[in-house]
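Written below as structure tokens is the structure these notes are about.
The values are calculated or read from the model by the stated rules, or taken from the named source; none is laboratory data. Not measured: the values here are computed from a predicted model. Cβ sites come from the backbone with ideal geometry, for glycine too, and all protein chains shown count toward neighbours. Ligands, DNA and RNA are excluded from the accessible area calculation, which covers all protein heavy atoms including side chains. Shrake-Rupley method; radii C 1.70, N 1.55, O 1.52, S 1.80 Å.
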Amino acid sequence: MGMFLKNINLKGKTALITGATKGLGRGAAVAIAEAGGNIIAIGRNQFELNTLKKEIKKFKVNYISFNCDVNNYNQMKSFISRLKKLDILVNNAGTNIPESFLNVKKSSLETLLSVNTKAVFNVAQLCANQIIKLKRKSGSIINISSIFGLVAGKKRTVYSMTKFGVEGLTKGMALDLAKYNIRVNSVCPNIVLTPRTKKYFADKKYNKYVKENTPINKVVTVSDVATSITFLASEAASMITGSSIVIDGGWTAK
Amino acid sequence: MLKKINLKNKTALVTGAGKGLGKACAIALAEAGAKVILLSRTKSDLVKVNKIIKKTNGSSQLYVCDVTNLEDIKKVLRKINRLDILVNNAGNNRPQHFTKVSQENMEYLTNLNMKAAFHVAQLCSRKMVKTKNRKKIGGSIIHMSSQLGRVGCEGRNVYNMNKFGVEGLSRGMAFELAPYNIRVNTVCPTFVETPMVKKFFKNKKFKNKMLKNIPLGRVAKESDVATAVAFLAADSSEMITGTSLLVDGGWTAQ
């Protein structure tokens, strides 16, 4: 550590990551391990949880995984409340079903509200309570939001509703958890190329739409987002709370 | 996966580098490997900062320069070969109740916090876009804004006007410089223990009132802000532009 430059260092810290098997969650797990943090991976695909273990173990940190659906409150509660160490939550599990407003199905609305809103709230509450119970000196919670937590997008009404909600939750949590020195922030990426968004990018029109709306002429990478998450998780960001890091190449600046 | 805060082979110019946040940023950037060009009106301050950087094997050069003097800045820019990073930091504050603000103070603050900030940014941008492979290597401009660039505060009306302005300028610049892969962002700190703030905090009533507004219950350290600036300066944030990093302990989340 320098005189004024704080390192992004997570040695001795333990991070729980939901949706850890793929995309941003997996990237966050690897980046946090690279910074020295121990990993608790939550996901629904046992095969991918096993391949992630191999990737994480390269960094000589601890790895445990739990095959569980974040919507299953009781299972999540019994797992989280038994953790012996927890400092960081990357509240990542989320999904999207793009449909134009007039045609949004009731089932789509239910799914998105369950995963992106209710499960996000529940996991955050369970982890915050556990961090407090373990009497950790500090904590950091990073909610994975989106540019659609800040602005609207085509066929993104429900997604925007849930992600704007996450932005509100982040600020509210930051105030309630400040006295425990638990910081709460979100990251708001542009559309990142992940297994979930691959199908969107296959559409030429969609590709053009993303390009035209991103002043910096590049697609955001998983590594871009994982780096910001790791920064927020670390003491390098010890005065940053109730805020968002917007990783969008300028999309929302207009 | 994790992008390091690494500024090797980069040249950074920091205004107001003699004291407070500018000094901290200059040292942090040097710690990350940048060659730092230090600007301030006070030579004795610059000499001290230069010594600190040299002691830690960093690289720096100093120029006595008044940023409100266009010719002064032009002279400096003629002397340096290249520029990759600008920390547009020089600024000041003279708190007064709105009805009592003197013409002199309004002129002084606006000329320094807005007009000079604009000129420095414009002249440095012109220099930066000239580098042949700029699009490939990228560039980064960081404006020193404030939480008061986002929310109002008693006795801070001129400072509010200036810093809200800087937030607007930053977003506009982000668009126009994106084609050159030059990113433009601001850092918005809460009260930081700098010489400027120490003066305000001599008033204990004011200090306690302000601390009550920071959910984390402490003022920011210079290193908190300098680390955020270094993060924005480096490729660790290569898709972050037209936005702000709030280093405010939750002040603006309320």
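The table that follows gives values for the structure above.
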item	result
Gap separating the Cα centres of segment B:6-62 and segment A:58-101, nearest whole Å	43
List A:Asp176, B:Asp224, ordered by accessible area with a 1.4 Å probe, largest first	A:Asp176, B:Asp224
Average beta carbon contacts from partner chains per residue of A:197-204, 10 Å cutoff	0
Rounded tilt (10° steps) of B:20-31 against the dominant C-alpha axis of chain B	30
Rounded to the nearest 10 Å², the accessible area of A:Ser100 at probe 1.4 Å	40
Within segment B:1-152, percent of DSSP bridges classed antiparallel, to nearest 5	0
Size of the A/B contact, given as accessible area buried on both chains, probe 1.4 Å, in Å²	4100
Rel. contact order, % - alpha carbon contacts under 8 angstrom, at least six apart, segment B:1-110	28
Charge sum, other residues only, whose C-beta stays under 13 Å from A:Gln75's C-beta, Lys/Arg counted +1 and Asp/Glu -1	+2
DSSP H segments from chain A that extend 18 Å or more along their own axis, Cα-based, with Kyte-Doolittle mean of 0.5 or above	A:120-133
Formal net charge of residues neighbouring B:Glu107 (Cβ-Cβ distance under 12 Å; K, R +1; D, E -1)	+1
Taking segment B:81-224 and dividing mean pair separation by its residue count, relative contact order in percent (alpha carbons under 8 Å, at least six apart)	25
Whole-percent carbon and sulfur share, accessible surface of segment A:34-186, 1.4 Å	55
A:Met3, B:Met173, reordered so the largest accessible area comes first (probe 1.4 Å)	A:Met3, B:Met173
Exposure rank, largest accessible area first [A:Lys171, B:Lys4; 1.4 Å]	B:Lys4, A:Lys171
Solvent-accessible heavy-atom area per residue, rounded to whole Å², over the protein assembly as shown at 1.4 Å	43
Cross-link reach list, aspartates and glutamates versus B:Lys207, counting only Cα pairs under 17 Å and skipping chain neighbours closer than eight places	B:Glu154, B:Glu193, B:Asp248
Total charge dipole magnitude, the protein assembly as shown, about the Cα centre, Cβ charges on Lys, Arg, Asp, Glu only, Debye to nearest 20	880
FRET efficiency, 1/(1 + (r/R0)^6) with R0 41 Å, evaluated for B:Leu211 and B:Leu70 via beta carbons	0.55
Over chain A, relative contact order from alpha-carbon pairs under 8 Å, at least 6 apart, %	21
Model label zone, B:Asn57; criterion: amide N under 13 Å from point 7 Å along Cα-to-beta-carbon; scope segment B:9-44	B:31-33
Neighbouring partner chain Cβ atoms per residue of A:221-230, average, 10 Å criterion	5
FRET efficiency, 1/(1 + (r/R0)^6) with R0 51 Å, evaluated for A:Asp176 and B:Lys48 via beta carbons	0.75
Residue-averaged [θ]222 nm for chain A, counting only DSSP H segments that reach four residues, each worth -39500 (n - 2.57)	-12000 deg cm²/dmol
Separation of the A:Lys133 and B:Val129 label points, Cα + 7 Å toward Cβ, nm	5.8
Eligible aspartates and glutamates near B:Lys3 by straight Cα distance, threshold 14 Å, same-chain separation 8 or greater	A:Glu34, A:Asp224, B:Asp235, B:Glu238
Cβ-based net charge around B:Ala17, under 9 Å, with every Lys or Arg adding one and every Asp or Glu removing one	+1
Area accessible to solvent at A:Phe101, 1.4 Å probe radius, in Å²	150
Shielding of A:172-179 by partner chains, average beta-carbon count, 10 Å	3
Degrees, to the nearest 10: B:157-177 long Cα axis against longest axis of chain B	30
Cα-based shape type of segment A:176-217, given that a ≥ b ≥ c are square roots of the gyration tensor eigenvalues and the cut on a/c is 1.5	prolate
Distance between segment A:106-164 and segment A:1-43 - C-alpha centres, whole angstrom	19
